[in-house]
1. Scan segment 23-34 for residues that are under 21 Å from Q52 (Cβ atoms) and in a loop (DSSP other than H, G, I, E, B) and jot them down.
2. How many residues are in contact with a Cys (Cβ under 8 Å, 6 or more places away or on another chain) and either open to solvent by 20 Å² or more (accessible area, probe 1.4 Å) or part of a loop (DSSP other than H, G, I, E, B) (or both) if we restrict to segment 121-159?
3. When D92 is evaluated against the numbered criteria (1) buried (at least 16 other Cβ atoms within 10 Å of the Cβ); (2) without any contact (Cβ under 8 Å) to a residue 24 or more places away in the chain; (3) within 30 Å of G133 (Cβ to Cβ); (4) of a type outside the set (A, V, I, L, M), which criterion, by number, is the only one it fails?
4. How many residues does segment 49-75 hold that are buried (at least 21 other Cβ atoms within 10 Å of the Cβ) and within 13 Å of A112 (Cβ to Cβ)?
5. Which residue pairs have Cβ atoms under 7 Å apart, sit 6 or more places apart or on different chains, and have a first residue in segment 1-26 that is farther than 11 Å from V46 by Cβ and among the hydroxyl-bearing types (S, T, Y) and a second that is open to solvent by 100 Å² or more (accessible area, probe 1.4 Å) and at pLDDT 95 or above?
6. Which condition number in (1) closer than 24 Å to L68 by Cα; (2) touching a residue at least 24 places away in the same chain (Cβ under 8 Å) is the one that G181 fails?
7. For segment 183-206, how many residues are buried (at least 16 other Cβ atoms within 10 Å of the Cβ) and farther than 23 Å from W50 by Cα?
Amino acid sequence: ELDGVAAPEGSNMAIGVALSNDGVHWGRVEGGYSSGAILEPDDDEVFVGWPQVVQASADMWHMYYHALQKSTGRFAIGVASSSNCVEWTRRDGYILEASADETAFDAGGVSARCVVREHGKWLMFFEGIDQSGTHSIGLARSADGLSWTRSAEPVFSPSTVPGSWDGASVARPWVVPCGDGSARLYFVGRSDDGTQGIGAADSAGSDWSAFTRCAGAAA
């Protein structure tokens with residue numbers, strides 16, 4: 001339950017792993033939990049999901065995920081580490097939670113994210129939710145992939161053009177580094193009537209903290 005209300009059907013998610021020799025045929029690998037999962041929600045979580053694995057060193061990987069907390073009703077981002085990508089150890093606490101500033105773009109929680117290692121730097125583009133339910137995209141930086149510092153303002157926000165297809169929210173960031181040092185951001189946008197589409201935006205050259213829309217929307 002979440003604040004006394006039963007969680008929606010299908011929300012009790014956990015994270016599993018599968019292996020393949022060709023990228024087409026896959027076989028599940030039994031994790032350490034009785035369910036076969038490699039990571040399950042704890043007592044204060046409705047679910048853990050949306051995993052992304054990033055190699056930190058020759059023999060260490062970090063898996064980033066987000067969870068919905070029962071006690072706060074907000075999303076938070078966590079990390080687990082592994083030396084073999086099958087047995088994972090969850091790090092205590094969360095690496096990113098809702099901002100303590102009630103007026104911040106991410107005061108309502110942080111969720112889907114894309115972690116990128118570029119030129120020795122760790123960057124996390126994440127979905128932030130404000131108190132009114134509007135979704136924007138923020139940026140956090142790290143030296144080791146474990147301790148993160150976020151920027152106070154979003155790096156990408158809903159369009160201000162009246163009637164825009166992405167004027168209500170922008171979410172689900174995915175960043176692709178380009179050969180010239182720039183980056184392209186793919187995102188899901190939502191209009192005021194609830195219609196969703198996929199768009200893209202390009203960084204201001206090597207400055208990955210500013211993006212300009214270049215395409216959208218693909219329904």
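The values are calculated or read from the model by the stated rules, or taken from the named source; none is laboratory data. Keep in mind the model is a prediction, meaning the values are calculated, not measured. Cβ atoms come from the backbone with ideal geometry, glycine included; neighbour counts cover every protein chain shown. Surface accessibility is based on the protein's heavy atoms, side chains included, excluding ligands, DNA and RNA. Shrake-Rupley method; radii C 1.70, N 1.55, O 1.52, S 1.80 Å.
1. Initial filter on segment 23-34 (under 21 Å from Q52 (Cβ atoms)): 23, 26, 28-29, 31-33.
Answer for segment 23-34, where residues must be under 21 Å from Q52 (Cβ atoms) and in a loop (DSSP other than H, G, I, E, B): G23, W26, G31, G32, Y33.
2. Qualifying residue count, segment 121-159: 0.
3. Failed condition: (1).
4. Residues that pass the stated criteria total 6.
5. Note: pairs meeting the criteria are S20/W26.
6. Of the numbered conditions (1) closer than 24 Å to L68 by Cα; (2) touching a residue at least 24 places away in the same chain (Cβ under 8 Å), the odd one out for G181 is (1).
7. So in segment 183-206, the residues buried (at least 16 other Cβ atoms within 10 Å of the Cβ) come out as 183-191, 196, 198-203.
Then keep just the ones that are farther than 23 Å from W50 by Cα; that gives 191, 202-203.
Total satisfying the criteria: 3.
Residue-by-condition table, conditions (1) out of contact with any Leu (no Cβ under 8 Å at 6 or more places or on another chain); (2) in a strand (DSSP E or B):
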site: G36; (1), (2): yes, no
site: D43; (1), (2): yes, no
site: F47; (1), (2): no, yes
site: Q52; (1), (2): yes, yes
site: Q55; (1), (2): yes, yes
site: Y65; (1), (2): no, yes
site: S71; (1), (2): yes, no
site: A76; (1), (2): no, yes
site: V86; (1), (2): yes, no
